[in-house]
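The values are calculated or read from the model by the stated rules, or taken from the named source; none is laboratory data. If you're wondering where the values come from, they're calculated on a predicted model, not measured in any experiment. Cβ placement follows ideal geometry from the backbone for every residue including glycine, while neighbour counts extend to all protein chains displayed.
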Amino acid sequence: MTNKKEEQMKAHQIDNTKKAGLTTNQGLKMAEDEFSLKAGLRGPTLIEDFHFREKMTHFDHERIPERIVHARGVGAHGEFQVYEPLAEITKAGFLNDPSKTTPVFVRFSTVQGSRGSGDTVRDVRGFSTKFYTDEGNYDLVGNNIPVFFIQDAIKFPDFVHAVKPEPHTEVPQGASAHDTFWDFIGQNHETAHTVMWAMSDRGIPRSLRMMEGFGVHTFRLVNAQGKAHFVKFHWKPKLGVHSQVWDEAQKALGKNPDFHRVDLYEAIDKGDFPEWELGLQLIAEEDEFKFDFDILDPTKLWPEEEVPVRLVGKMTLNRNVDNFFAETEQVAFHPGHIVPGIDFSNDPLLQGRLFSYTDTQLSRLGGPNFHQIPINQPVCPYHNNQRDGMHQMAVHKGQTSYHKNGLNENQPEPVLVEEGGFEHYQEKVDGHKVRGRSESFLDFYSQAKLFYNSMTAVEQQHIRDAYSFELGKCESDVVKANAVDLLNHIDHALAKEVAENIDVAVPTTDEGVQSEKRSDALSMEHTIRKTDTRSVALLLTGDVDANQVKAWVEKLAEHNINYSLVGKKAYTLGEMKVKETYDTVDSSLFDAAFLISASSKVADDVLEFIENTYKHAKPLALHLHDDSVLDKCRVETDQPGVFLFKEHNLDHFDSFIEGIAQARFWDRK
Ligand code: HDE
């Protein structure tokens, strides 16, 4: 069944897969498209060749500016449904009717790299959702990390200049491991908490389908009686929250720079629709000052143990785009696109965003009519007195284009609040004009420490490794020392280990936060674990038994596990196609590996494959003709998550399947 947005988009489709004659943009059928018009077969091209000029001019202008941040992205369509009416907290229509499915478009992104950069970099991920509601478009433009680097929007250009490739070399691409980024961090201690998240496993997600999303800022929900709650928005993935390990992420970057993009496309294409539940954390207005942090500070999260997340609805992504440029590239998000029942807070970062997003679309999409681009159009009618401008697509009828008018009964007329007209929440504000930071925003370290405390030992080790890697890539000793000083304000032992790894003087005094406070919700260790859509490489060597392999893959399919048969060369095995080879794929692209060896000799690239699977703590199954084949690689078969199958016994196979759900075996040597 198609939804309103799909119907609307269809009206704009041009289907070149259907038989059609080639024409110019003026509709002229062309008899020739391979040769330009020349004065003689070996002569110069003629300016008269309108077809050549039109084709070339259009091509010359095909590119638009990429997004200044979040340039690399991938999008998909879907639907959202609320579980039950939320009338007591918001009057937003799409959050009040459980029978209604609201079309959505989601774009995921990395922040630092350009449009052609790789997917599996260490970075924050963007998670933007456009809800095409009956009351207008609502955009929840969030990230996969619940806090942000800075507190005031005026610092954003500086922060972005620091993290982006350095201006004199345009290096590095898709990475924060360089001097200007860490210089900015060392000079701006408000970044401490968010950098800790970025250095954790959250910065290297396994899949876009397996990350949380956060609205980051505090917003307001307002009910029909005008009563407001402060709210933080969450997206909770039904597949759980999972990450890569850093070495694996770096390898995947080389082996398949489109790893996340392809993963999302293929899952949707196959019918494995990714789902997230929408969560709300609510604080009554009268409780605004009851916390040991300022709820307007975007570098702070609301610990879930203190403010529980209420799951209120579900989003399903169920349709890939038809055209990347038309949809994913041209979609224009804006945190200021809201609907009645949702409103802003005075978070100074949010306030600045409310200016920036429309502004950026003007240069990116070439003028003020970007809302008319099909992916951006609301599914409800829209009328106002805005006219003309570049790329105006609408034909506005009538004599008047101003308000108030007497000639056209004052149409289009403002709508009463009771009939759905938007009214800003009437918050009382009173203050002197000042440039400055609220004192309540000055605690930069407590939640960074809370996050670090909440990690398991392995997660903490990954964080220390990530800081050591990133700072190890910096050239300047001053930059490194300042960054270590920042860490020392969070946790002395963390600062000490990083300092030793990067050859910087260990801070002599412990300036860290002396708190053992934890929040279990912050660790990924407690997440949902499933076999669904996990991927296994079946590594075939020698003359393997087709029937045995078939029985195994059927078992994998029963658990909705994806598999690839990998051989030395592509070939046909019984009824199955062995499509991948040790050249075309790599261990970093799979969640698990199963070596099925019918030979006493196993090639080096196969051994490297299983060694990396083992090293990255992933489940590894072995069905070996000869155990000595493992002598040449560092795989110990008595370790957790290594499954040895002597017989072709399908019952044993269940333990491997459980291992695939578990995903990682951190206690492996
Ligand atoms: Fe953005 N951000 N941002 N940002 N942001 C953009 O808008 C900006 C911030 C986020 O998939 C730009 O259309 C400022 C926080 C996402 O198309 C730009 C500030 C969060 C995306 C912009 C922030 C985000 C953007 C670039 C500090 C998480 C990708 C192109 C005040 C809540 C949207 C564009 C997409 C994109 C400005 C901070 C998320 C320049 C000024 C905090 C997911 O307008």
TODO: May I ask you to say which residue of 424, 432 is over 30 Å from residue 526 (Cβ atoms), in contact (Cβ under 8 Å) with a residue 12 or more places away in the chain, out of contact with any Lys or Arg (no Cβ under 6 Å at 6 or more places or on another chain) and not acidic (Asp, Glu)?
DONE: 424
TODO: Give the residue, chosen from 355, 325, that is under 22 Å from residue 263 (Cβ atoms) and within 14 Å of the ligand (Cβ to nearest atom).
DONE: 325
- [ ] Look through segment 130-161, keep the residues that are among the β-branched types (Val, Ile, Thr) and under 17 Å from residue 298 (Cβ atoms), and return whichever of them is surrounded by the fewest Cβ atoms within 10 Å (Cβ to Cβ).
- [x] 154
Task: Long-range neighbours under 9 Å by Cβ, at least six apart or interchain, first residue farther than 25 Å from residue 340 by Cβ within segment 404-421, second part of a loop (DSSP other than H, G, I, E, B) and charged (D, E, K, R) - done: none
Task: Verdict on residue 360 being polar (S, T, N, Q) and part of a helix (DSSP H, G or I) - done: yes
Open item on the list: Just to check your reading of the model, which residue among 290, 300, 314 is of a type in the set (Lys, Arg), farther than 30 Å from residue 418 by Cα and more than 16 Å from the ligand (Cβ to nearest atom)?
Closed with: 290
TODO: Identify all residues within segment 34-50 that are surrounded by fewer than 10 Cβ atoms within 10 Å (Cβ to Cβ) and within 44 Å of the chain's Cα centre (by Cα); write none if there are none.
DONE: 34
TODO: Please work out which one of (1) more than 16 Å from the ligand (Cβ to nearest atom); (2) in a helix (DSSP H, G or I) is the condition residue 350 fails and give its number.
DONE: (1)
Open item on the list: Residue under question is residue 72, and the condition is that it be more than 23 Å from the chain's Cα centre (by Cα), farther than 27 Å from residue 423 by Cα and within 16 Å of the ligand (Cβ to nearest atom); does it hold?
Closed with: no
Open item on the list: Would you confirm, using the coordinates I've provided, whether residue 346 is closer than 30 Å to residue 301 by Cα and out of contact with any Pro (no Cβ under 9 Å at 6 or more places or on another chain)?
Closed with: yes
Task: segment 118-139, subset of a type in the set (Gly, Ala, Ser) and within 14 Å of the chain's Cα centre (by Cα), residue farthest from the ligand (Cβ to nearest atom) - done: 118
- [ ] Output the qualifying pairs, or none if there are none: Cβ atoms under 9 angstrom, residues six or more apart or on different chains, first residue in segment 1-25 and free of Cβ contacts under 8 Å to residues at least 12 places away in the same chain, second residue surrounded by fewer than 10 Cβ atoms within 10 Å (Cβ to Cβ) and not in a loop (DSSP other than H, G, I, E, B).
- [x] 21/29; 22/29; 23/29
TODO: With a cut-off of at least 3 residues that are touching a strand residue (DSSP E or B) at 6+ places or on another chain (Cβ under 6 Å), of a type in the set (A, V, I, L, M, F, W, C) and within 23 Å of residue 357 (Cβ to Cβ), name the strands (runs of 3 or more DSSP E) lying wholly within segment 77-193.
DONE: 102-110
Open item on the list: Suppose we filter segment 129-171 for residues that are touching a residue at least 24 places away in the same chain (Cβ under 8 Å) and either more than 23 Å from residue 193 (Cα to Cα) or not assigned by TED's automatic domain parsing to the domain that holds residue 234 (or both); how many remain?
Closed with: 11
Open item on the list: I'd like to check something: does segment 70-80 contain any residue that is surrounded by fewer than 18 Cβ atoms within 10 Å (Cβ to Cβ) and either closer than 30 Å to residue 370 by Cα or polar (S, T, N, Q) (or both)?
Closed with: no
Open item on the list: Would you confirm whether or not segment 45-58 contains a residue that is away from the ligand (no atom under 16 Å from the Cβ), among the hydrophobic types (A, V, I, L, M, F, W, C) and either modelled with pLDDT under 95 or assigned by TED's automatic domain parsing to the domain that holds residue 173 (or both)?
Closed with: no
TODO: Collect the residues in segment 583-603 that are of a type in the set (D, E, K, R) and at pLDDT below 95, keeping them in residue-number order.
DONE: 601
- [ ] Would you point out which residue out of 381, 348 is of a type outside the set (Val, Ile, Thr), in contact with a helix residue (DSSP H, G or I) (Cβ under 8 Å, 6 or more places away or on another chain) and either more than 25 Å from residue 413 (Cβ to Cβ) or not assigned by TED's automatic domain parsing to the domain that holds residue 158 (or both)?
- [x] 348
Open item on the list: I'd like to check something: does segment 620-640 contain any residue that is touching a residue at least 40 places away in the same chain (Cβ under 8 Å), under 36 Å from the mean Cα position of the chain (by Cα) and buried (at least 20 other Cβ atoms within 10 Å of the Cβ)?
Closed with: no
- [ ] Say whether the condition of being within 13 Å of the ligand (Cβ to nearest atom) and not hydroxyl-bearing (Ser, Thr, Tyr) is met by at least one residue in segment 78-95.
- [x] no
Open item on the list: Looking at 407, 450 in this structure, which one is aliphatic (A, V, I, L, M) and assigned to a loop (DSSP other than H, G, I, E, B)?
Closed with: 407
